[in-house]
Amino acid sequence: MANFQAVQVTGNVWWVGAIDWHLREFHGYRTSRGSTYNAFLIIDEKVTLIDTVKAPFFEEMRERIASVIDPEKIDYIVSNHAEMDHSGALARAMQEFKAEKLFCSLQGERALKAHFHDRLPALEVVKTGDSIKLGKNDLTFVETKMLHWPDSMVSYLSGEKILFSQDAFGMHLAGSQRFADEYAKSLLYEEARKYFANILLLQSAKIIDLLNTLPSLNLDIDMVAPDHGPIWRNGEHAWIIDLYRQFAEQQPEKRAVVLFDTMWHSTEAMANAIADGIIGAGVPVEVISLHSCERSEVITRIMGAGVLAVGTPTINNNMYPSLGDMLVYMRGLKPQIAVGGAFGSFGWSGEGAKQVAEALSNMQIEQPLPPLAVKYVPDVAALESCRNWGKTLAEKLLEKINNQ
Ligand code: FEO
């Protein structure tokens with residue numbers, strides 16, 4: 001039996017969450033390093049639990065709480081976010097800890113009732129600017145709709161100056177250390193980038209709004225404690241906040257991604273020739289085969305790329321199924337790409353590249369060139385056309401960057 005202990009965050013605040021070492025899938029996102037579900041215990045006159053954990057981790061959370069205080073001494077539970085990775089254990093926690101009140105946003109009330117029906121009594125709705133007195137400290141709420149769900153909000157603890165930020169500023173990273181300064185920056189960058197690309201990219205505009213609004217709320221923040229991954233302390237939160245702004249702004253970078261799948265290596269040969277053309281124009285390129293890279297890694301690499309060229313063979317009058325999967329995933333996340341293009345080899349009627357072009361158009365990705373299609377195996381002339389096609393896409397990007 002594991003002996004689950006709480007970890008002290010500050011004098012009166014404890015991490016009492018759970019570590020999901022083996023999680024490898026989070027609604028379509030491959031979480032290669034697992035995750036944590038962070039819950040926080042505030043010891044004050046009103047003992048308060050901020051968020052809970054995924055349902056199967058209830059006992060782990062309960063044991064960590066019990067290492068600090070009798071769980072039945074919890075008075076309040078705050079649900080900053082209703083998604084089941086944070087609320088799965090909520091109804092059981094309310095019932096077994098005999099908490100007096102549960103605080104959430106208006107949308108949170110709707111979401112929680114739609115999940116738990118009549119199993120969550122004592123629900124109290126709060127809105128931006130509302131505060132509750134816990135004793136020495138106050139807890140103030142700020143709604144952050146669509147970060148990551150309509151119900152989402154963050155909670156700020158005075159005294160300890162902690163912003164409990166739920167999904168925002170988090171990452172899927174299981175680990176024995178609880179604080180960001182205990183991890184290598186390169187690892188934090190990699191996982192924060194992947195998390196943003198796969199969870200928050202669609203809401204980039206709202207993130208910029210939140211980042212612009214935060215200073216006007218006059219919250220004196222010493223620490224940011226998200227619901228996933230490490231806690232930002234000692235001023236480290238400035239780093240992740242800046243990084244979020246950079247990711248959310250999606251300024252086109254001087255780099256290209258050539259993404260493809262291939263049936264008999266003809267589309268692959270086109271991809272390589274297109275990449276040659278892009279390099280020739282002075283733009284760095286990454287060639288990604290969907291055979292060797294899954295969708296959540298691909299979207300992470302696509303985020304911020306100035307050029308995206310997408311290649312597919314045609315199979316049974318359609319694009320390759322792997323491209324269908326990738327483009328549907330991308331359509332949901334809406335990356336902003338300055339210059340796009342579709343290409344591919346075909347044998348029969350060649351709908352694949354046209355379908356990819358249509359999918360890119362539906363994502364408002366500008367395509368300065370028509371789809372480039374080659375029948376069967378590209379010859380020397382066809383490969384030269386691919387080089388020129390890639391070069392033109394890269395030049396269009398450079399033009400856009402120079403005109404900014
Ligand atoms: Fe970590 Fe949107 O849930």
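Since every read-out is calculated from the coordinates, none of them should be taken as a lab result. Note that the structure is predicted; figures quoted are calculated from it, not measured. Because the Cβ atoms are built from the backbone with ideal geometry, glycine has one as well, and the counts that use them run over all protein chains shown.
Taking the Cβ of His117 as the centre, find all other residues whose Cβ is under 15 Å away and add up their charges (Lys, Arg: +1; Asp, Glu: -1). So the surrounding residues net to +2.
Percent relative contact order of region 44-173, based on C-alpha pairs within less than 8 angstrom and at least six residues apart? Don't skip to the answer; put the middle values down first.
On the way: 261 pairs, mean separation 28.9, N = 130.
Reported relative contact order: 22 percent.
Its DSSP H runs of at least 4 residues, each contributing -39,500 (n - 2.57), put the calculated 222 nm mean residue ellipticity of the chain at -10500 deg cm²/dmol, to the nearest 500. Distance between the 7 Å Cα→Cβ label points at Ser32 and Glu399: 3.7 nm.
The listed peptides 9-20, 69-80, ordered by packing as a protection proxy, come out as 9-20, 69-80 (highest mean of other Cβ atoms within 10 Å first).
Straight-line cross-link partners of Lys127 among the lysines, defined as a Cα under 19 Å from its Cα and at least 8 positions apart when in the same chain: Lys101, Lys113, Lys145, Lys206. If you fit an axis through the alpha-carbon atoms of helix 321-333 and take the longest principal axis of the Cα set of the chain, what angle between them do you get, 0 to 90°, nearest 10? That works out to roughly 50 degrees.
Work through the residues other than Leu323 whose Cβ is under 14 Å from its Cβ and net out their charges, Lys, Arg +1 and Asp, Glu -1. Could the numbers behind the result be given before it?
On the way: positive: Arg295, Arg331, Lys354; negative: Asp261, Glu268, Glu294, Asp325, Glu351, Glu358.
Combined, the nearby Lys, Arg, Asp and Glu give -3.
GNM on the chain, alpha-carbon springs under 10 angstrom: the most fluctuating residue among Val380, Val47, Val307 is Val380. Packing here is the average count of other Cβ atoms within 10 Å per residue, and on that basis the peptides 118-125, 237-244, highest first, run 237-244, 118-125. Computed log10 I(q)/I(0) for region 71-174 at 0.12, 0.14, 0.18 Å⁻¹: -0.38, -0.52, -0.87, from the Debye equation with unit scatterers placed on every C-alpha and solvent omitted. Annotation: for a label point projected 7 angstrom from Cα along Cα→Cβ of Gln336, residues of region 136-176 with backbone N closer than 20 Å are 145-148, 169. Rg and Dmax of region 197-314, both derived from C-alpha coordinates alone, stand at 18.7, 60 Å. Note on the chain: Cα-only Rg and Dmax are 24.2, 78 Å.
Residue separation times 0.36 nm, minus the C-alpha to C-alpha distance between Leu214 and Val7: what's the value?
Gain in length upon complete extension: 71.7 nm.
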